[in-house]
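Chemist: Here it is, the structure in full.
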Amino acid sequence: MSTIVLGIESTAHTFGVGIAADDKILANVNEIYIPRYGGLLPREAARHHLVKATRAIKNGLVRSNVRLEDVDAIAVSLGPGLGPCLRVGAMIARFLAVYFDKPLVPVNHAVAHVEIAIMATGTKDPLFVYVSGGNTMIVAYSKGRYRVFGETLDMPLGNFLDSFAREIGLPQPGVPRVEELASKGERLVELPYVVKGQDMSFSGLLTAALRELKKGVRLEDLCLSVIEYSYAMLAEVTERALAHTRKKELVLAGGVARSRRLQDIMRMVAEEHGAAFYVVPDEYAGDNGAMIAWTGLLAYKHGVSISPKESFIRQRWRMDEVEIPWRA
Ligand code: AMP
Ligand code: MG
């Protein structure tokens, strides 16, 4: 008999349902909230999740040919994320766990991104560059936990580029649009390059870029500069993290991992340090239910579970607080 876990993701824009069994993903159903204009509104996203939840769960079960009765545990992403969105997933997961009398397994969203990436790339012990709309961190496993070897001090990289795109009137998703204009850029404009130790800061870069725009700098040149400055900051920190940890694999993950330019830069960084380079496949790059089911399965097999009464959401739950018994 195989062990089956149903996982629920709802930390931000995606309501996802995944079903994992032993070493396979049986289903990965994701409903993505897209704002009509501007940025993500947490309460609107939460309402979207509530509306889409039943159908997503049903589709996941049908696609994997699994009944709720056959599931061994319910996994849920309890953070980090946006309160109103997290509450929807947590409420549904608690209900399923109590009603069907199944153990409830808490999953940290960032840990799940790492674990699904390891599974999908077939790596063993990589250094991980995780860049998405809501996160920018460089992490690797060491002594029982994922340790952070660099992160943003303010805005995540994806959020920074999306905000910049909005300010200059480009539609979302912003990163590919800014990159498209950047490909027609010819000249670098001087902008603040902010790396403090192993950490990065992007908010000053945003302010400065918008100031340059008002001065009449060519838009293509500004896009080129914003892309090259921010990716160079990330590369510098990644390079030091590789040298320090001596990991022999580098994995790029998160929504921004789809950037060809960032992939090229990170491939060069990896080569210089004798590390093999991998990119997470698209289906597991953005937020998804499969990664919660998969990580829930690993955790469940190592005895991790939580009482529904204590399954509070944690908006700022750091991944280096989580014990990882399955890698010990
Ligand atoms: P996530 O939060 O993981 O869903 O990732 C969202 C981020 O990925 C946003 O900042 C998007 O602008 C960015 N993104 C979406 N498509 C692409 C792409 N083709 N290349 C680079 N970044 C992208
Ligand atoms: Mg994410």
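Chemist: Restricting segment 31-80 to residues that are over 22 Å from the mean Cα position of the chain (by Cα) and acidic (Asp, Glu), which is nearest to Asp162 (Cα to Cα)?
Modeler: Of everything passing the filter in segment 31-80, Asp72 is nearest to Asp162 (Cα to Cα).
Chemist: In segment 204-255, how many residues are within 16 Å of ligand 2 (Cβ to nearest atom) and open to solvent by less than 10 Å² (accessible area, probe 1.4 Å)?
Modeler: 4
Chemist: For segment 117-140, name all the residues that are within 12 Å of ligand 1 (Cβ to nearest atom) and either open to solvent by 20 Å² or more (accessible area, probe 1.4 Å) or out of contact with any strand residue (DSSP E or B) (no Cβ under 7 Å at 6 or more places or on another chain) (or both).
Modeler: Within segment 117-140, Val131, Ser132, Gly133, Gly134, Asn135 meet the criteria.
Chemist: Moving on to the next point. How about segment 295-316: which of its residues are open to solvent by less than 30 Å² (accessible area, probe 1.4 Å) and within 21 Å of Ala140 (Cα to Cα)?
Modeler: Residues satisfying the conditions are Thr295, Gly296, Leu297, Ala299.
Chemist: Also, quick follow-up: I want to confirm something. Restricting to segment 12-44 and keeping residues that are touching a residue at least 40 places away in the same chain (Cβ under 8 Å) and in contact with a Pro (Cβ under 7 Å, 6 or more places away or on another chain), which single residue is nearest to ligand 2 (Cβ to nearest atom)?
Modeler: Among those residues, the one meeting the criterion is Pro42.
Chemist: Let me ask something else about it. Please work out which one of (1) within 16 Å of ligand 2 (Cβ to nearest atom); (2) of a type outside the set (Phe, Trp, Tyr); (3) modelled with pLDDT of 95 or more is the condition Gly134 fails and give its number.
Modeler: Against the list (1) within 16 Å of ligand 2 (Cβ to nearest atom); (2) of a type outside the set (Phe, Trp, Tyr); (3) modelled with pLDDT of 95 or more, Gly134 comes up short only on (3).
Chemist: Yes or no: Lys143 farther than 16 Å from Ala290 by Cβ, basic (Lys, Arg), in contact (Cβ under 8 Å) with a residue 24 or more places away in the chain and open to solvent by 10 Å² or more (accessible area, probe 1.4 Å)?
Modeler: Considered against the rule, which asks whether it is farther than 16 Å from Ala290 by Cβ, basic (Lys, Arg), in contact (Cβ under 8 Å) with a residue 24 or more places away in the chain and open to solvent by 10 Å² or more (accessible area, probe 1.4 Å), Lys143 comes out as no.
Chemist: Checking Tyr278 against (1) within 16 Å of ligand 2 (Cβ to nearest atom); (2) touching a Ser or Thr at 6+ places or on another chain (Cβ under 9 Å); (3) under 24 Å from Pro173 (Cα atoms), only one condition comes out false. Which one?
Modeler: Every listed condition holds for Tyr278 apart from (1).
The values are calculated or read from the model by the stated rules, or taken from the named source; none is laboratory data. Everything numeric in this text was worked out from a predicted model, so none of it was measured. Counting neighbours? That spans all protein chains shown, and the Cβs are built from the backbone with ideal geometry, glycine included. When the accessible area is computed, the model is the full protein with side chains, heavy atoms only, and any ligands, DNA or RNA have been set aside. Shrake-Rupley method; radii C 1.70, N 1.55, O 1.52, S 1.80 Å.
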